[in-house]
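As C-alpha cells, the structure follows; a few thoughts come after it.
The values are calculated or read from the model by the stated rules, or taken from the named source; none is laboratory data. None of these values were measured; they are calculated from a predicted model. Positions of Cβ are backbone-derived with ideal geometry, glycine not excepted, and every protein chain shown enters the neighbour counts. Side chains included, ligands, DNA and RNA excluded: accessible areas come from the protein's heavy atoms. Shrake-Rupley method; radii C 1.70, N 1.55, O 1.52, S 1.80 Å.
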Amino acid sequence: MKTTIIALCLSLLAITVQTQTITDFPVRVATYQGDRACAISYTFDDGLKEQYTLVAPFFDRLGFKGTFYINGGRVNESDNAITDTTRVTWANLKEMAMNGHEISNHGWLHRNFKRFSFEEIKEDVDKNDSAIIKHIGIWARSFCYPNNAKTPEGVAYVTKNRVGSRTVQRSIGSKSTPEDLEKWVDKLIENKEWGVGMTHGITYGYDAFGNPQRFWEHLEKVKSMEDKVWVGTFAEVAAYTKEREEVQLSITKNKKSITVTPTLTLDKKLYYEPLTLVIDRSNIQQIAVKQGKKNLPVHLTAEKAMFDFDPHGGAIVISVTAGPETKRPAILIAGDSTAQHYEQEKHGFIRGWAQMLSLYLAEGIQIRNHAIGGRSTKTFISEGRWDKLLSEVTPGDYVFIQFGHNDASTRPERHASYEDYEKNLIKMINDTKARGGNPILLTSVVMRTFQNGHLVDDRLKGYPIITRRVAKEMNVPMIDANQKTRDFITMLGDEASKPYYRWLEAGIDPFKPDGIQDDTHMMEKGAKQVALLVAEGIKELGIELSQYIR
C-alpha cells in the first residue's frame, strides 16, 4: 500500500452531553470496500451457456457479482441463430450485464498471445471490444489472457485504457476440494489480500466441477462471511485498489465538522468505483455526511463509522457528535497446550485455539496468550505465570481461564485435586476482579476418544463439572468449550474428526517424522473450529466483548 493511502489524525470539536472537548478522529480509506478484510473476484471464461443458466442466477440470489470473460466470435447471435448450444447468446450477456455482472474481453477467437503475431492479437482484441460495445453497450474494463499466455507487448496493449488484466488467479474448478477453498478464503482474510478465482463451466467444459454442489456450498459459506469478504467483479476490485492507492485527501476542520476533499487524477470514465472512508473512533453518537448536495449513508458501529464516497465528487462535510472515547479491551489467556501459540518452524503442524481467535474478532482487540503446554492451575500459579499475566491486566480487560487437562494428570508435579482445582479457579477469579478485569471460565476442550463408536472423555474426569459449578456459584461468565467441542466431534464421528486433531502419517511433519495419533491437540483446521466455537460462546454471553465478534 502506498503512502498515499493514509490514516490522518484530525482534531475537531466533539459535542457531548456533558462537555465540549477536542478529540482526535483518525480517518482512512479502507483497504477494501466496506472495510472488509479481503476481496474475492470470481471469473468465468469462454462464455459457456450454463454461466447464464446456473452461475448468474445463483450469484443474483446471493447478491454477488461475477466476471464473465467471453470470446465474441463464439457467442450465439440470438436464440433464433444458435450455432453452438454450449455457448451464451448476446441477449444472455446483456441481461447479465444489466444485473451488475461484468462482461469482459477474452479475445474474439481465444488467440494465444504466444502463438500469434502482435498484429493478429491486436485485431483479435479490438474486434472483441467492438462486439461487446455493439451488443451490450459497455467498454470492457478488464482483460483475460487466452490460455493465460502473455507477452510483454501484448500485456502493454491490452492494459491500455483498462483498469487491469487477469495476471494471477487460482483454479476453483475440478482441482479444488472444499478444504482447499476454505483454506484459500481463510488465508485471504488473514493476509488481507485480493483473491481471483477462475473456472469455465460448472458441469461441462474445461476444469468443470466434478460435483457442482461443492461450488454452491462454497459460495454460501462465503456469503455467511460477507462482513469480512467483499465479492466484487474483477474490474470493481482492480479499480478500487488503484483508486485507493492514488487518492489524495485534503482535510480541514472547524468547530463542528471535518471537511475531507478527495483528489483523484485517474480517468473517471474508467475509475469510478466508490471508495470507503473510515473514521476509527469509538462512542460516536451522531454523524451526518454530505458530499455536494448528496447525503451519504453512514454505517455506525461501537468502534467506527464508515461511508462510501465518490473520489471525483468534491468536498465531503462530516458533522459529528461523540462522547468520551472508550478503550478497547484486551484478552489475556491463561491455559495449557490446547490454547498455546505455536510456530510451525519451531513446533510443526500443531496449533492452539487461542492463536486463531483473532480471526473472529474485530481489528484492534489485542490477545496476549500466556497459555503454555503441560501446565495445570497448580503449576501455572506456582511457576509465577499467573502473576505475570495479572500484572498486564488493566480495567476492562478480559481474562480467559481454561485448565483441566493437566490438573487431571497422574503426574504429581502437575496434578491438582478437585478441591485444589476449585480453590485455584476461585483465586484466579478474585485476582482478576481485583485488577478491574473480567474473568471468563472455559471448560476443557474435549479429547477425541471414541469407544464403540461413541465419544467419551474419561481422561478429563470431573474437572469440567467443577468449572461449571464455580462459574455458577461465583456468578462468572463461562464458555462451555467442552460441551461445544463434544457436540461438534460427536456430529463428525470417529474418522471424520481425525483431521481436526494431530493425526499425521509418517514423513509429513518434520517434528513428528514417524507420524502421530494425538487426540488432545489440534491441527490448524481444528484450532480454527475451536476458536470459532469460543467466539460463538462470547457472542452468546451478551457481554461487552460480544460486540467485537465479527
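Per-residue answers, yes or no, for (1) open to solvent by 30 Å² or more (accessible area, probe 1.4 Å); (2) closer than 26 Å to residue 517 by Cβ; (3) over 36 Å from the mean Cα position of the chain (by Cα):
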{"site": "417", "(1), (2), (3)": "yes, no, yes"}
{"site": "421", "(1), (2), (3)": "no, no, yes"}
{"site": "425", "(1), (2), (3)": "no, no, no"}
{"site": "431", "(1), (2), (3)": "yes, no, no"}
{"site": "436", "(1), (2), (3)": "yes, no, no"}
{"site": "442", "(1), (2), (3)": "no, yes, no"}
{"site": "445", "(1), (2), (3)": "no, yes, no"}
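Scanning the range 376-416 for residues that are hydrophobic (A, V, I, L, M, F, W, C), more than 30 Å from residue 364 (Cβ to Cβ) and not in a helix (DSSP H, G or I) yields a count of 2. The criterion of at least 1 residues that are among the β-branched types (Val, Ile, Thr) and more than 24 Å from the chain's Cα centre (by Cα) is met by the following strands (runs of 3 or more DSSP E) wholly inside the range 20-138: 20-29, 67-70, 102-105.
Working only within the range 267-307, note down all residues that are closer than 26 Å to residue 234 by Cα and in contact with a helix residue (DSSP H, G or I) (Cβ under 9 Å, 6 or more places away or on another chain). Within the range 267-307, 270, 271, 272, 273, 274, 275, 276, 278, 299, 306 qualify.
The set of residues in the range 500-533 that are aromatic (Phe, Trp, Tyr) and without any contact (Cβ under 8 Å) to a residue 40 or more places away in the chain contains only 503.
Consider the range 159-176 and keep the residues that are of a type outside the set (Gly, Ala, Ser) and without any contact (Cβ under 8 Å) to a residue 24 or more places away in the chain. The one that is most open to solvent (accessible area, probe 1.4 Å) is 160. Candidates 260, 237: the one that is hydrophobic (A, V, I, L, M, F, W, C) and closer than 30 Å to residue 59 by Cα is 237. Report yes if some residue within the range 475-486 is modelled with pLDDT under 95, in a loop (DSSP other than H, G, I, E, B) and more than 11 Å from residue 447 (Cα to Cα); otherwise report no. Within the range 475-486 (the criterion being modelled with pLDDT under 95, in a loop (DSSP other than H, G, I, E, B) and more than 11 Å from residue 447 (Cα to Cα)), the answer is no, since none of the residues qualifies. Residue count for the range 394-415, restricted to those that are more than 22 Å from residue 446 (Cα to Cα), open to solvent by 40 Å² or more (accessible area, probe 1.4 Å) and within 40 Å of the chain's Cα centre (by Cα): 2. Restrict the check to the range 80-93 and report whether at least one residue is in contact with a strand residue (DSSP E or B) (Cβ under 6 Å, 6 or more places away or on another chain), closer than 21 Å to residue 157 by Cα and buried (at least 16 other Cβ atoms within 10 Å of the Cβ). No, there is no match, as no residue in the range 80-93 is in contact with a strand residue (DSSP E or B) (Cβ under 6 Å, 6 or more places away or on another chain), closer than 21 Å to residue 157 by Cα and buried (at least 16 other Cβ atoms within 10 Å of the Cβ). Residue-level check: of (1) open to solvent by less than 20 Å² (accessible area, probe 1.4 Å); (2) touching a Gly at 6+ places or on another chain (Cβ under 6 Å), residue 283 misses just (1). Contact map, the range 219-246: first residue more than 21 Å from residue 172 (Cβ to Cβ), second residue in a helix (DSSP H, G or I) and at pLDDT 95 or above, Cβ cut-off under 9 Å, separation 6 or more or different chains; pairs are 227/34; 240/33. When the range 475-505 is examined, which residues are found to be open to solvent by 30 Å² or more (accessible area, probe 1.4 Å) and charged (D, E, K, R)? Matches in the range 475-505: 480, 484, 486, 487, 494, 495, 498, 505.
Just need a number here: residues in the range 349-364 that are over 13 Å from the mean Cα position of the chain (by Cα) and open to solvent by less than 20 Å² (accessible area, probe 1.4 Å). Count: 4. Restricting attention to the range 142-158 and to residues that are in contact with a Phe, Trp or Tyr (Cβ under 7 Å, 6 or more places away or on another chain) and open to solvent by 20 Å² or more (accessible area, probe 1.4 Å), the residue that is nearest to residue 205 (Cα to Cα) turns out to be 150. If you check 438, 452, 430 for being modelled with pLDDT under 95 and among the polar types (S, T, N, Q), only one passes: 452. Close Cβ contacts (under 6 Å, 6 or more residues apart or on different chains) running from residues in the range 534-550 that are farther than 15 Å from residue 302 by Cβ to residues that are of a type in the set (Ser, Thr, Tyr) comprise 535/360. Pairing residues of the range 351-362 that are at positive phi with residues that are surrounded by 18 or more Cβ atoms within 10 Å (Cβ to Cβ) and modelled with pLDDT of 90 or more, at Cβ distances under 8 Å and at least 6 apart in sequence or on separate chains, gives no pairs at all. Among the conditions (1) assigned to a loop (DSSP other than H, G, I, E, B); (2) open to solvent by 30 Å² or more (accessible area, probe 1.4 Å), the only one that residue 371 does not satisfy is (2). No other residue among 471, 535, 527, 531 is more than 22 Å from residue 352 (Cα to Cα), assigned to a helix (DSSP H, G or I) and open to solvent by less than 20 Å² (accessible area, probe 1.4 Å) apart from 471.
As an exercise: evaluate residue 543 against (1) closer than 24 Å to residue 454 by Cα; (2) exposed (fewer than 15 other Cβ atoms within 10 Å of the Cβ); (3) β-branched (Val, Ile, Thr) and give the number of the one condition it does not meet. Only one criterion is unmet by residue 543, namely (1).
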